[in-house]
Amino acid sequence: MSAFTTPQSSIRRQLPVVRRRRYNRGLLGAVAFIAAESMFFSGLFLAYFFLRTDTTLTVRSDQPLHPSIALPLFNTLILTVSVAAMAWAERSIARDDQRNLIVGTTVAAALGLIFMLLQSVEFSRFVTEGFTPNSSAFGSTFFALLIFHVLRVFAGVTFMLIVLVRAFMGQFSRHRRAAVQACAAYWYFIFAVWLLVLAVLYRS
Amino acid sequence: MASVSIPIEKPGMWARVAAWLTTVDHKRIGIMYLASSFFFFLLSGIFALIIRLQLAQPGMELVNQNVYNELFTMHGTGMIFLFVIPFLVGLGNYIVPLQLGARDMAFPRINALGFWLLLFAGLVMEGGFLIGGTASNAAWTAYVPLSTRQFSPQVGMDIWLFGIVLVGISSTLGAVNFLVTIYTMRAPGMTLWRIPFFTWTIIVTAAMILLATPVLTAALIMLISDRNFNTQFFTTANPRLWQNMFWFYSHPAVYIMILPAMGVLSEVIPVFSRKPLFGWKAMVLSTILIGVLGFTTWVHHMFVSGVDPLVERFFMFTTMVIAVPTGVKIFSWIATMWKGSLNLKTPLLMCLGFISTFVIGGISGVMQGAIPIDMQVHNTYWVVAHFHYVLFGGSVFGIFAGMYYWLPKITGRMLNDKLGKFHFALMWIGFNTAFFPMHILGLEGMPRRIATYAADRGWDLPNLIATIGAFMIAASVLLFMINYVVSIVARRGEVAGDDPWEANTLEWATSSPPPVYNFARTPVVESERPLYDQRMAAQAKPQA
């Protein structure tokens, strides 16, 4: 053994340091869950494109292959502002600003509710035009994407309400904010899925 | 000697039952997984015996055709969704935190939720026999249009689909839990390359479950909604839509079922050969490669469904490529045993059983991967022979290797080795007697999933032999159960002690069975074989 070997360095050799607990476990779990969610939507998109490209299927003429995009675009704007508000809320708690966490999450959740409301208007518009999940295979996959997305919006808003309750109880701080981060990550995911749904259903 | 007796009240029976029902301890949850999936193994095995009895002779009328369809459907789905997958998940539940030097899983309550979801999913799936009288009978693939309301109107079909959705949710929760646990809860010093091999296979398995299961869930929800809410996903459309979505999950599911069993082998073989695992990094990389390639082969189940020939050729290629990392594993196990001092106890024998039968299944798999051969053998007994050689010859032998290896840790007592060897011999001979003749039946053109056959086809003798083999397997499983009852329940087995096999990984560093908290002190790891290091250090000490 070299005479220059100090006790510290031999200890360091004995205990190779693993990077531990850099991420919060709950947050990692949420990310893994989002990966699974993205595969669920991949399945639905797979079904949609499979039926779109299947030439043996006859598409009924009254089906709006390219339906009016005005309302969905407005809805996109609402979801964009909501995502921005959530991002702002997440930033705020990183700076220990509990008040802005509450303000941001409230705005994001309220806009999420408005999104759901406007989606139901959109659904009823399709149904009055005679285009329903039961009208054809194409209608089924079309509505599946819309309905499963809006169910995720509902889940996201519920998640935000839980975050809000906990924020009012003062449970979050700069050092304890994994739930806020997980909620925000899920909300960004829902936004990304919406952009795909919009592009595919309305303009592909 | 003066002693103070403190009256500690032993918990009553109901308190103990309540403790099990509400437990979040990964070890108890693991044991409940093992016990309930073994129950479903016996149930599905009984279905298989009835099937074999029916086919023992031409023109048998033991059960009618409809019941026969229910039996093979519930045999298949029971074995896959309620035995092999949850059994391996349960083994992982028990062993992985111990191998990591952790005190529990990352999310203990989600862990408990996963188990209870699975148990009730199993009861729901089998419930079709009781509710409405007809269980699912459209085979485990549930191809449309056979599984639509028009051709399978029974409630049993709906609740079976719902049960599989629950199984999917359960295994997704488990996958998230495993990934986070292994990522964040390793003992200090346990770098990526030092993660024990069984845990490595659980990582890849969990990733596959996480990415494959949701696609099946989507397909199942679509089919349920077709059957109940008049949507049109599968009723009017091209039947290949269901096939694609189903096999996108169900081909990776094959690797979900085999990888942890390969992990068991990679733990057992080095310990019983007294050598390190040959080619550690190559083994880890081949596991990852199997996981990745597993997602690129699903269309080989659809070679006769009218897929574009160019697409078929691509999937033929990937199917054959996946044999390469699998071959790496076989090579590594053999090289590990090469010139080792073999300790021919039951766990190692089970591993040898795995290798000898799995190689046959692997080769017949590559043969089927070739499009022209597949066209000939598709839907014949050849396919039945093939997948039993990989799933029974592979996974189930791996499962029994794991049981003989880890039950001493779980229960604190050794299983009887002599009885274990009888179990192995009878199961290995019975297995080959049951399933090898099916290759011949398949090549002679006997289709799978038929309830009976005519006497003039020349299928009588192989079928009779297969039936005899099936009952030999049943007898061998009975031997295992007798062994368990005598050695462990009746406490006739030797006391295992902490480390009966002189093994390498951290689960053997604590008592058998481990205390609730697993380790009194967090162990520190310096290689992929921490206990080997410890033994070497203990040997070196007297000389110093």
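Just a few scattered comments:
- Criterion applied to B:Ala474, B:Ala537 was being within 14 Å of another protein chain (Cβ to nearest Cβ) and either at pLDDT 95 or above or assigned to a helix (DSSP H, G or I) (or both), and the one residue passing it is B:Ala537.
- Taken over segment B:372-389, the criterion of being closer than 17 Å to B:Ile360 by Cα and buried (at least 18 other Cβ atoms within 10 Å of the Cβ) is satisfied by B:Asp374, B:Val377, B:Tyr381, B:Trp382, B:Val383, B:Val384, B:Ala385, B:His386, B:Phe387, B:His388, B:Tyr389.
- Number of residues in segment B:330-361 that are assigned to a helix (DSSP H, G or I) and either open to solvent by less than 30 Å² (accessible area, probe 1.4 Å) or closer than 16 Å to B:Pro270 by Cβ (or both) equals 21.
- Selected residue [more than 14 Å from chain A (Cβ to nearest Cβ), under 30 Å from B:Gln232 (Cα atoms) and in contact with a Ser or Thr (Cβ under 8 Å, 6 or more places away or on another chain)] from B:Ile209, B:Ile159, B:Ile169, B:Ile164: B:Ile164
- Selection of segment B:224-236 for residues being within 11 Å of chain A (Cβ to nearest Cβ) and either on the phi > 0 side of the Ramachandran plot or in contact (Cβ under 8 Å) with a residue 24 or more places away in the chain (or both) yields B:Asp226, B:Asn230, B:Phe234, B:Thr235.
- Candidates A:Gly130, A:Gly112 - the one that is in contact (Cβ under 8 Å) with a residue 40 or more places away in the chain and touching a Gly at 6+ places or on another chain (Cβ under 9 Å): A:Gly112
- Test: residue in segment B:146-162 that is modelled with pLDDT under 95 and touching an Asp or Glu at 6+ places or on another chain (Cβ under 7 Å): yes
- Subset of segment B:448-468 (residues that are in contact (Cβ under 8 Å) with a residue 40 or more places away in the chain and part of a helix (DSSP H, G or I)): B:Ala455, B:Arg457, B:Asp460, B:Asn463, B:Leu464, B:Ala466, B:Thr467
- Qualifying positions in segment A:99-119 - open to solvent by less than 60 Å² (accessible area, probe 1.4 Å) and not β-branched (Val, Ile, Thr): A:Asn100, A:Leu101, A:Gly104, A:Ala108, A:Ala109, A:Ala110, A:Leu111, A:Gly112, A:Phe115, A:Met116, A:Leu118, A:Gln119
- A single entry from B:Ala474, B:Ala503 fulfils the requirement of being touching an Asp or Glu at 6+ places or on another chain (Cβ under 8 Å), open to solvent by less than 60 Å² (accessible area, probe 1.4 Å) and among the aliphatic types (A, V, I, L, M): B:Ala503.
- Test: residue in segment B:247-261 that is within 8 Å of another protein chain (Cβ to nearest Cβ), more than 26 Å from B:Phe400 (Cα to Cα) and either open to solvent by less than 10 Å² (accessible area, probe 1.4 Å) or in contact with a strand residue (DSSP E or B) (Cβ under 6 Å, 6 or more places away or on another chain) (or both): no
- Taking the numbered list (1) at pLDDT 95 or above; (2) within 12 Å of chain A (Cβ to nearest Cβ); (3) more than 19 Å from the chain's Cα centre (by Cα) in turn, B:Pro270 passes all entries but (2).
- Yes/no for A:Glu122 being modelled with pLDDT under 95 and either under 16 Å from the mean Cα position of the chain (by Cα) or open to solvent by 20 Å² or more (accessible area, probe 1.4 Å) (or both): no
- Conditions (1) surrounded by fewer than 18 Cβ atoms within 10 Å (Cβ to Cβ); (2) touching a Pro at 6+ places or on another chain (Cβ under 8 Å); number of the one not met by B:Leu415: (1)
- In segment B:309-322, the residues that are without any contact (Cβ under 8 Å) to a residue 40 or more places away in the chain reach residues that are open to solvent by 20 Å² or more (accessible area, probe 1.4 Å) with C-beta atoms within less than 6 angstrom, at least six apart or across chains, in these pairs: B:Phe315/B:His300; B:Thr318/B:Thr296; B:Ile322/B:Leu293.
- From the list B:Leu53, B:Leu34, B:Leu42, the lone residue that is open to solvent by 10 Å² or more (accessible area, probe 1.4 Å) and within 22 Å of B:Trp160 (Cβ to Cβ) is B:Leu42.
- Segment B:221-236, residues that are buried (at least 22 other Cβ atoms within 10 Å of the Cβ) and assigned to a helix (DSSP H, G or I): B:Met222, B:Leu223, B:Asp226
- Against the numbered list (1) more than 20 Å from B:Ala212 (Cβ to Cβ); (2) open to solvent by less than 30 Å² (accessible area, probe 1.4 Å), B:Thr191 comes up short only at (2).
- Within segment B:237-246, the set of residues being open to solvent by 40 Å² or more (accessible area, probe 1.4 Å) and either more than 9 Å from chain A (Cβ to nearest Cβ) or of a type in the set (Val, Ile, Thr) (or both) comprises B:Pro239 only.
- Some residue of segment B:114-134 being open to solvent by 10 Å² or more (accessible area, probe 1.4 Å), on the phi > 0 side of the Ramachandran plot and either in a helix (DSSP H, G or I) or without any contact (Cβ under 8 Å) to a residue 24 or more places away in the chain (or both): yes
- Looking only at segment A:148-168, residues that are more than 14 Å from the chain's Cα centre (by Cα) and either open to solvent by 10 Å² or more (accessible area, probe 1.4 Å) or within 11 Å of another protein chain (Cβ to nearest Cβ) (or both) come to 6 in all.
- Qualifying residue in segment B:66-84 (condition: in contact (Cβ under 8 Å) with a residue 40 or more places away in the chain, surrounded by 24 or more Cβ atoms within 10 Å (Cβ to Cβ), part of a helix (DSSP H, G or I) and touching a Gly at 6+ places or on another chain (Cβ under 7 Å)): yes
- Residues that are open to solvent by 60 Å² or more (accessible area, probe 1.4 Å) and under 19 Å from B:Tyr94 (Cα atoms) within segment B:522-544 comprise just one, B:Thr522.
The values are calculated or read from the model by the stated rules, or taken from the named source; none is laboratory data. This one's a predicted model, so the numbers in the text were calculated from it and none came from an experiment. All Cβ positions, even for glycine, are placed from backbone atoms using ideal geometry, and neighbour counts span all protein chains on display. Surface areas here come from the heavy atoms of the whole protein model, side chains and all, with no ligands, DNA or RNA. Shrake-Rupley method; radii C 1.70, N 1.55, O 1.52, S 1.80 Å.
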